[in-house]
Amino acid sequence: MGLVTVATVALLVVATTSAADFRSYAIVQDDASLVIQNKVVRLFGIYIPDQGQFCDTQLRPAFCGYRAATALNSKIQGFVTCEEVGFYEDGSISAICWTKRSSFSEGIDLGAYLIRLGLALAGPDAPFEYRALERIAESRGVGVWGFQADQFRRFPWR
């Protein structure tokens with residue numbers, strides 16, 4: 001009986017989230033940061049290069065911003081769960097965030113999602129998974145590693 005009690009307590013300790021974890025509705029900003037519970041959250045371990053403005057006109061109303069912001073806006077449906085990693089000088093939070101995370105699913109890591117699409121690069125402090133995904137995106141020629149069809153110029157003689 002004592003072993004069962006110890007096992008139950010151990011499971012409860014593992015199942016509870018730390019004070020640095022938070023979950024709520026997220027609003028995607030033009031720079032691909034998130035506003036969650038009135039706090040600005042930047043995804044940990046990634047760098048989003050400036051790729052110019054992009055508008056997704058399939059959404060109503062149309063969403064304009066960086067490609068990464070547009071991708072996040074379409075990916076996030078419902079609540080976002082974040083694990084706080086640190087703070088920036090401007091007071092924003094650095095966090096690893098997931099969408100569709102539950103007790104039954106690990107969810108989708110939003111930083112990894114952007115790197116997989118080639119819309120973000122792995123930062124120097126990024127987890128190994130992010131670096132591996134960046135190399136895969138580069139080898140596939142997607143996102144910043146590939147051709148951006150919406151930024152071509154017409155030939156001057158036409």
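One line per residue, one yes/no per condition, for (1) touching a Pro at 6+ places or on another chain (Cβ under 7 Å); (2) among the polar types (S, T, N, Q); (3) surrounded by 22 or more Cβ atoms within 10 Å (Cβ to Cβ):
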residue	(1), (2), (3)
Q77	no, yes, no
T81	no, yes, no
E84	no, no, no
T99	no, yes, no
S102	no, yes, no
G107	no, no, no
L110	no, no, yes
I115	no, no, yes
Quiz item: Within the bounds of the range 90-101, is there any residue that is in a strand (DSSP E or B) and modelled with pLDDT under 70?
Solution: no
Exercise. Could you please give the count of residues in the range 85-99 that are under 13 Å from the mean Cα position of the chain (by Cα) and not aliphatic (A, V, I, L, M)?
Key: 4
Quiz item: Out of all the residues in the range 23-37, is one or more at pLDDT below 95, out of contact with any strand residue (DSSP E or B) (no Cβ under 7 Å at 6 or more places or on another chain) and within 16 Å of V85 (Cβ to Cβ)?
Solution: no
Quiz item: Is it the case that I115 is part of a strand (DSSP E or B), closer than 17 Å to L133 by Cα and in contact (Cβ under 8 Å) with a residue 24 or more places away in the chain?
Solution: no
Quiz item: Can C82 be described as under 19 Å from G143 (Cα atoms), out of contact with any Ser or Thr (no Cβ under 7 Å at 6 or more places or on another chain) and either at pLDDT below 90 or assigned to a strand (DSSP E or B) (or both)?
Solution: no
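The values are calculated or read from the model by the stated rules, or taken from the named source; none is laboratory data. In this text the structure is predicted, and so the values were computed from the model without any measurement. Every residue, glycine as well, gets a Cβ built from its backbone with ideal geometry; the counts of neighbours run over all protein chains shown.
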